[in-house]
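Accompanying notes for the structure given below.
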Amino acid sequence: MLSLGAILLQNLVTRVTDRVDETVDTAKRNAIAGAIIGLLLATAYGLAVVATAVLLAERYGTVPALFSLAGGFLLMALIVLAVVALRNKRERELRRIRRDQLAARRDMLAAAAAVATKRPLAATVVALALGFLLAPKSRRRDDD
C-alpha cells in the first residue's frame, strides 16, 4: 500500500513526464512542418523568379505554366500550415481535458485521504465496495 506522499509524488512525476512528452512531440511536429513549409515556399519563390525571367526573355509560352506551379506550391504550403495549426489547436484542447481529469483525480485522492484519516473503517468499507463493483467481470461461462 502506497502512502499519500508516494501517491502524490507519483502523480506529480506522471504530470511532468506527460508535459515533457507532449512538448517534445509538438516541437518535432512543428519542426517537420516548418521544414516542409520552408521547402514549398522556397520552391514557389524560385519558380516565381524563373517565371519572371522567362517572362522578360520571351513574352508568352511557359510563363503561365511556371506561375501556376508556383501558385500550386504556395497553396500546398498554406494547406500544410492550416493542418498543423488545426492539429496544434486539437492537441491543446486534449491537454486541457487531460489536465482537468488529473486535477479531478487528485482532488478525489485528497478527499479519500481526508476521509481515511477521520474514519478509517468507513474508508475501508467504501474502498472494498468500489473494488468489488469496479472489478473486471469474469468472462468464463459455465457449460453445466
request  = Kindly list the number of the only condition in (1) more than 27 Å from Arg96 (Cα to Cα); (2) of a type outside the set (Phe, Trp, Tyr); (3) at pLDDT below 70; (4) under 30 Å from the mean Cα position of the chain (by Cα) that fails for Leu41.
outcome  = (3)
remark   = Pairs returned, first residue in segment 28-39 that is without any contact (Cβ under 8 Å) to a residue 40 or more places away in the chain, second residue that is in a helix (DSSP H, G or I) and among the small types (Gly, Ala, Ser), beta-carbon separation under 9 angstrom, 6 or more apart or interchain, are Gly38/Ala77; Leu39/Ala77
inquiry  = It is to be established whether one or more residues within segment 75-98 are of a type in the set (A, V, I, L, M), at pLDDT below 90, over 35 Å from the mean Cα position of the chain (by Cα) and more than 30 Å from Leu9 (Cα to Cα).
reply    = no
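The values are calculated or read from the model by the stated rules, or taken from the named source; none is laboratory data. Given the structure is predicted, the values throughout are model-derived calculations rather than measurements. Note that each Cβ is placed from the backbone with ideal geometry, even for glycine, and that neighbours are counted across all protein chains shown.
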